[in-house]
Ligand SMILES: Nc1nc2c(ncn2[C@@H]2O[C@H](COP(=O)(O)OP(=O)(O)OP(=O)(O)O)[C@@H](O)[C@H]2O)c(=O)[nH]1
Ligand SMILES: [Mg+2]
């Protein structure tokens, strides 16, 4: 069976954690109890956004560009000391080797490879405390509770870097995909035209001695690939993580190309993309020898060997069509992999969402010139005013602290507010006094 996979290995998505549930304001009501104490329960925690490796996946093609991925908000607290339920976490399944980057800066948040199988990217908001927590000797009927902490959201870029032990590189049509079909159960499309392979595909090779390793078929490269020509850059990125390169070249010159020039060109492109690639171990497969006329074989193969073997690059004469010579290639690869060790490169975290993300602001702050007042509006403020008995001293301090915690004072200061200015929030007008603290 062959399948033409849609090639998507970079995708931008929007992720959002769950908002914390709001704390509840209520009072116990029982027969014969006139004024029951506060019994408003806590809000539940909002769901986290978690990324998890799913071994069954090997592309990002299930993601929609600009798709929105949201965890569930926490439930609000309820009467009778009932807590709201926790919002469900959102678990985003990705193929191994997926990098999660902050979209704007490109900085890495997580690398889902190696030991990193499950990573929490955005935490859900904490649930607010219900009014049952606010009863004190002097304040027996607190009419306020705490709203849940806001959700967090972020644009991220998912990027798949294939993790393979060895990568098949070479010009289009030289037989890379045929190679993979011959040595593994993978079935990339094989056809006699350029750029048949549009997305990298891994295949597992199992040798008789039961060692196994992964070879990846990589789309054809052409001159200029490092600057984006042909299928361009996108695939070069995958080569970064392969430990050995299997350079396939058409030794029979089916398309009239010079195999020696081709090897040089591909190596130049790789070096131009990333100089580190030139340090990778490489082997050359001089392919399509079934098409070489008697005698010619020795000629071209001899030339390639004479040039590359002194540089420590083994050269194998093979036919991926008939399978001739492939076994020695696999054993040579297995030997090299044993020498180089198998740990994969895992990228370090550069961006920390808990510090960098903008909490979803549920309010706006502006200056109304006509009225000469600062206006603070939004669902969060409205809700908090509803909860809080700001006529009481304690409630007022509580409200002040809430404004401070949510950055409202900071925003007012940024607009240039001064002591004595008026701040309007819905029906209430306050005089701005910086630094009203606990009494
Ligand atoms: N005679 C002969 N033909 C081969 C051999 N290997 C591959 N071919 C043919 O060459 C053509 C291209 O083979 P693919 O395996 O699709 O080549 P590719 O390198 O994957 O090509 P792209 O995906 O376009 O980069 C097909 O028609 C194959 O049947 C070989 O060893 N001998
Ligand atoms: Mg191919």
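Below is a table of values for the structure above.
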{"item": "The range 255-298-the range 394-414 distance, computed between alpha-carbon centres (Å)", "result": "67"}
{"item": "Sorted by Cβ neighbour density within 10 Å, fewest at the top, the residues 235, 103, 27", "result": "103, 27, 235"}
{"item": "Exposure proxy order (Cβ contacts within 10 Å, fewest to most) of 366, 418", "result": "418, 366"}
{"item": "Estimated FRET transfer efficiency (residue 138, residue 64; beta-carbon r; R0 35 Å; 0.05)", "result": "0.05"}
{"item": "Per-pair calculated FRET efficiency, R0 = 56 Å: residue 227 and residue 392 via Cβ, rounded to 0.05", "result": "0.20"}
{"item": "Nitroxide proxy distance, nm - points 7 Å out along Cα→Cβ at residue 383 and residue 298", "result": "8.4"}
{"item": "Mean ellipticity per residue at 222 nm, deg cm²/dmol - from DSSP H runs of n ≥ 4 across the chain, formula -39500 (n - 2.57)", "result": "-6000 deg cm²/dmol"}
{"item": "Relative contact order (%) - the range 362-431, alpha-carbon pairs under 8 angstrom, separation at least six", "result": "34"}
{"item": "Three-way shape call for the range 362-431 based on the alpha-carbon gyration tensor, with the a/c threshold at 1.5", "result": "prolate"}
{"item": "Distance (nanometres) between label positions extended 7 Å along Cα→Cβ at residue 401 and residue 321", "result": "8.1"}
{"item": "Distance between the range 160-201 and the range 77-108 - C-alpha centres, whole angstrom", "result": "36"}
{"item": "Residue 211-residue 422 FRET efficiency (beta carbon distance; Förster radius 45 Å; 0.05 resolution)", "result": "0.05"}
{"item": "Stretchable slack from residue 278 to residue 368, in nm (0.36 nm times residue separation minus alpha-carbon distance)", "result": "26.1 nm"}
{"item": "Within the range 166-340, percent of DSSP bridges classed antiparallel, to nearest 5", "result": "25"}
{"item": "Fewest-first sequence of 149, 93 by Cβ atoms within 10 Å of each Cβ", "result": "93, 149"}
{"item": "Whole-number percent relative contact order across the chain, with pairs defined as alpha carbons under 8 Å at least 6 apart", "result": "14"}
{"item": "Cα long-axis angle, helix 296-308 against the chain (0 to 90 degrees, to the nearest 10)", "result": "50"}
{"item": "Cα-based helix-to-principal-axis angle, 326-340 vs the chain, degrees rounded to 10", "result": "50"}
{"item": "Percent RCO, i.e. relative contact order, over the range 166-340, from Cα pairs under 8 Å lying at least 6 residues apart", "result": "22"}
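Quick note: the coordinates plus some simple rules give every number you see, no bench work behind them. Small disclaimer: the values here were computed from a predicted structure and weren't measured. Every residue, glycine among them, receives a Cβ derived from its backbone with ideal geometry; neighbour counts consider all protein chains shown.
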